[in-house]
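> This is the structure, below, for whatever I ask next.
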Ligand code: NAP
């Protein structure tokens, strides 16, 4: 029988723990949004609502799409210096021609909510820090909640972005999985997928992974969110669930837990 690894029970449990940790403390999340990108504003509004439900204050810093690089860096610097601000999340990607990497690097490491500062990324890659970006941590929280043992398993990570693929591969390695990172230039992809015990898909290609590409009993963590008509689908076809031993649905899987992970990052200095 396939275990449907829904995100809600995982998110609810973490929220309960966070409520207890935040109780009686002054915690403030600053969210920086540059421009009018609809997805960024939807994400920001969702985070504000979740913060409120956990007793976390929010500070919204909204800058126009025409803001200069200096103006964005100054806004981040002000938040770095503000002792009332616990964590800072600049919404990515920034409008062109702004340099998102430079803005991420400007966030003080201890206030960095999504591992944008290279110092934090370095600590993660050295295996000295669990504070990966939020979505990879959501994948790991789901696997832990549903008691998927990773030690010695062949795990294929589809995608090598800095925000999902590379960090999730590092976290899997920290759990003693044998990890193969695949990308658009990978030649023997179908063979690697066939041999995988676990597949973490983060490529942004609707229903790319089909049932005939995987072995029976595979564990699927589907990070992909793709709009197809009026539906949201993952990078893995829903029909793969019939062959899988465990599977995250889209929607209702990784995305649900990712948002809570932003809140969890606020506890890093507690
Ligand atoms: P991204 O930056 O666009 O990276 C996509 C990666 O997939 C790249 O490494 C690319 O390879 C690889 N790729 C693309 N087509 C491929 C193919 N046909 N075969 C093998 N590899 C292929 O994407 P991302 O930001 O990591 O996001 C990936 C997906 O996760 C998207 O659907 C996004 O919406 C979703 N997402 C979800 C959450 C959540 O909370 N659930 C959070 C973030 C992202 P190259 O490097 O060679 O180009």
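> Does residue 255 meet the test of being near the ligand (Cβ under 9 Å from one of its atoms), within 20 Å of residue 163 (Cα to Cα) and crowded, with 19+ Cβ neighbours inside 10 Å?
yes
> Something else about it: From the list 246, 202, 241, which residue is within 11 Å of the ligand (Cβ to nearest atom) and closer than 29 Å to residue 50 by Cβ?
202
> Being touching a strand residue (DSSP E or B) at 6+ places or on another chain (Cβ under 8 Å) and either assigned by TED's automatic domain parsing to the domain that holds residue 248 or at pLDDT 95 or above (or both) narrows it down to one of 177, 151, 144, so name that one.
Sole residue among the options that is touching a strand residue (DSSP E or B) at 6+ places or on another chain (Cβ under 8 Å) and either assigned by TED's automatic domain parsing to the domain that holds residue 248 or at pLDDT 95 or above (or both): 177.
> Filter segment 179-192 for residues that are within 11 Å of the ligand (Cβ to nearest atom) and either within 22 Å of the chain's Cα centre (by Cα) or under 21 Å from residue 128 (Cβ atoms) (or both) and give the result.
Selection gives 181, 182, 183, 184.
> If you don't mind, there's one more thing I want to ask. Can you tell me which residue in segment 126-141 is farthest from the ligand (Cβ to nearest atom), limited to those that are touching a helix residue (DSSP H, G or I) at 6+ places or on another chain (Cβ under 6 Å) and modelled with pLDDT under 95?
Once the filter is applied, the top-ranked residue is 127.
> Same structure again: I'd like to check which strands (runs of 3 or more DSSP E) are fully inside segment 198-252 and have at least 1 residues that are surrounded by fewer than 16 Cβ atoms within 10 Å (Cβ to Cβ).
Fully inside segment 198-252 and qualifying: 226-228, 231-233.
> Could you count how many residues in segment 120-172 are closer than 24 Å to residue 9 by Cβ and free of Cβ contacts under 8 Å to residues at least 24 places away in the same chain?
The number of residues fulfilling the criteria is 3.
> Here's another thing I want to ask about it. Going by the conditions given, is residue 174 over 19 Å from residue 5 (Cβ atoms) and within 16 Å of the ligand (Cβ to nearest atom)?
no
> Hey, any hits in segment 56-72 for a residue that's in contact (Cβ under 8 Å) with a residue 60 or more places away in the chain and either surrounded by 19 or more Cβ atoms within 10 Å (Cβ to Cβ) or more than 22 Å from the chain's Cα centre (by Cα) (or both)?
yes
> In segment 157-178, what residues are buried (at least 20 other Cβ atoms within 10 Å of the Cβ) and over 17 Å from the mean Cα position of the chain (by Cα)?
Residue satisfying the conditions is 177 alone.
The values are calculated or read from the model by the stated rules, or taken from the named source; none is laboratory data. These figures come from a predicted structure and were not determined experimentally. Because the Cβ atoms are built from the backbone with ideal geometry, glycine has one as well, and the counts that use them run over all protein chains shown.
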